[in-house]
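The structure appears right after this line, and notes come after that.
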Amino acid sequence: MDFLKQLNVLDENFGSATGQSWNETTDQGSLRVESPVDGKTIGRVYLASEQDYQRIIATAQQAFNTWRMVPAPKRGEIVRLIGLKLREYKQPLGTLVSYEMGKSLQEGLGEVQEMIDICDFSVGQSRQLYGFTMHSERVQHRMYDQYHPLGIVGVITAFNFPVAVWAWNAMIAAVCGDVVLWKPSSKVPLTAIAVQKIVSQVLAEQNLPEGIFNLLIGRGSTVGERMLTDKKVPLISITGSTQVGRHAAEIVGKRLGRTILELGGNNAIIITPDADLKLALPAVVFGAVGTAGQRCTSTRRIIIHESIYDKFKEALVKAYKGLKIGDPLDEQNHVGPLIDRAAVEMFVHALEILKEKGGQILFGGDVLSGEGYESGCYVVPTIVEAENHWEIVQEETFAPILYLVKYSGDIKDAIQLHNDVPQGLSSAIFSNNMRETEAFLSHAGSDCGIANVNIGTSGAEIGGAFGGEKETGGGRESGSDAWKAYMRRQTNTINWSTEMPLAQGIKFDI
């Protein structure tokens, strides 16, 4: 395939690198990477060893000692060049994202654009790593705070956004003076290899040392666990399920390390009687079926007022009937495959539980087979009438299942249903009633890290901090002041007087 050649992705690839150099370990076994699009083998990746990990950590630490002393705007210049290089490879890299992961080509290209956008954002951020100045209570003293580079940042990414989430972390960390160790999902390792090779071009052109951007593809039980326990990695940013995040947080917490946790979502949209239903419909459909329901911000629940419930339900079913399911590289299709057959089994199992509970399937629920669906990973997006309190509804099923929940009463009742799940990532309300929308955004409103009005739950921009509350983990990445998580904070006090006064007026004469 031409896009693989353009990206220098081979039939057999090594699984770890420190920049331009690749560890050539082949005795740890290999991953056979199959596309969920057609079931064909894309390539193989040799897994990294414990020794590879040790070499990478040593190289990364040495690189950090140099990189942290490069002025932040100069670090930003390197990130700017990475953004320019990504622009050159946007089409083939976006195509690989689509083919390896299964999301639509438009979403694949959009993910690469998100990488480019965060590069641009980080360039500006490199000149705004600001601290505050405070007035000291002591005469002729100056007090301020500043931020220093933290060290090696471990980034563990999930399959659904195989490259963008790495960029959110890596580009911000880089301008902060950190070096990065990336462990991608074993389901989508080839996109990570392609990105590493793109970035390595910039590192080579700028004569930068090995170890600033590092890649590690290996077993979670060996190199993954080693990464979590390693005190040389002060910060771990992990995207994944709540279960995975809880395990990582416990291990990193035991060594008093830091974590940025981006975990599960159970995102809902409230649709009130004052909603513009024509506006709400496409937002709901894209939120529920985009990336085949495999976004952490995917819309899982629609909380609809009883007065408009039947009307919106009818429009929603009609829209679902018009969805085209198939090869995501064909831009005529709306929905591609799930990541693998295990995900399909999870989809089927969730629907079985819903039926047992009395859930009414309004549309979908089928697993597709035959011509065009040979991989066995294609399902029909599904709409189910359900009760919010059911255990299966309280969980995050990473598949295109949309729950319709009816509410009566006022906005307080809708918000109570909305918040009554363990997760707290993304949320939305559709209403033209200012009192309803302001209630949703108030202290007594949505308990999610992201709350939107008259737009859906999916598709966050890089300028705002991304993350959620409760079992979503509390982490923040990307925009706003999320950069502070990648640095260590220091308060400085300078005495420029000839006296030695103590704070709080304490007297200590010797």
- Note on the structure: With Ser136 itself left out, Lys, Arg at +1 and Asp, Glu at -1 over residues whose Cβ is under 14 Å from its Cβ give -1
- Query: So what does log10 I(q)/I(0) come out to for the range 57-137 at q = 0.27 Å⁻¹, using the Debye formula with one equal point on every Cα and no solvent?
  - Reply: -1.10
- Once Glu371 and Glu385 are pulled to full extension, the length gained, defined as 0.36 nm per residue separation minus their Cα-Cα distance, is 1.9 nm
- Highest to lowest packing among 395-403, 127-135, 29-37, scored as the average C-beta count within 10 Å: 395-403, 29-37, 127-135
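Can you send over the carbon and sulfur percentage of the accessible area for the chain, probe radius 1.4 Å, protein chains only?
Of all accessible area on the chain, carbon and sulfur atoms account for 49 percent.
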- Query: Quick one: helix 242-254 against the long Cα principal axis of the chain, what's the angle to the nearest 10°, folded into 0 to 90?
  - Reply: 20
- Solvent-accessible surface ranking, highest first, for His305, His389 at 1.4 angstrom: His389, His305
- Can you give the % of DSSP beta bridges in the chain that are antiparallel, to the nearest 5? 40
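Whole number please: convex hull volume per residue of the Cα set in the range 118-233, in Å³?
Cα convex hull per residue, to the nearest whole number: 150 Å³.
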- Task: For Met69 and Arg246, compute 0.36 nm times the residue count separating them, minus their Cα-Cα distance, and round to one decimal in nm.
- Result: 60.3 nm
- Around Val179: net Lys/Arg minus Asp/Glu count, Cβ-Cβ under 13 Å: +1
- Message: At 1.4 Å probe radius, can you tell me the per residue accessible area of the chain in Å²?
- Response: 43
- Task: Using only alpha carbon pairs under 8 Å that are at least six residues apart, calculate the relative contact order of the chain and give it in whole percent.
- Result: 18
- Item | Equivalent ellipsoid semi-axes, the range 437-501, via Cα gyration tensor eigenvalues times 5, rooted, Å | 38, 15, 12
- Message: Normalised radius of gyration for the range 300-406, please: alpha carbon Rg relative to 2.2 N^0.38 Å, two decimal places.
- Response: 1.10
- Where Lys and Arg each count +1 and Asp and Glu each count -1, what net charge lies around Phe440 among other residues with Cβ under 14 Å from its Cβ? -4
- Task: Calculate how steeply helix 72-88 sits against the longest principal axis of the alpha-carbon atoms of the chain, using the helix alpha-carbon long axis, and give the answer as 0 to 90 degrees to the nearest 10.
- Result: 30
- Message: I'd like the per residue volume of the convex hull spanned by the Cα atoms of the range 125-185, given in cubic angstrom.
- Response: 99
- Task: Please report, in Å, the Rg and the Dmax of the chain, where both are computed over Cα atoms only.
- Result: 24.5, 90
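The values are calculated or read from the model by the stated rules, or taken from the named source; none is laboratory data. Being a predicted model, the structure only gives us computed values, none of them experimental. FYI the Cβ positions are ideal-geometry reconstructions off the backbone, even for glycines, and counts take in every protein chain you see. In case anyone asks, the SASA skips ligands and DNA or RNA and just uses the protein heavy atoms, side chains included. Shrake-Rupley method; radii C 1.70, N 1.55, O 1.52, S 1.80 Å.
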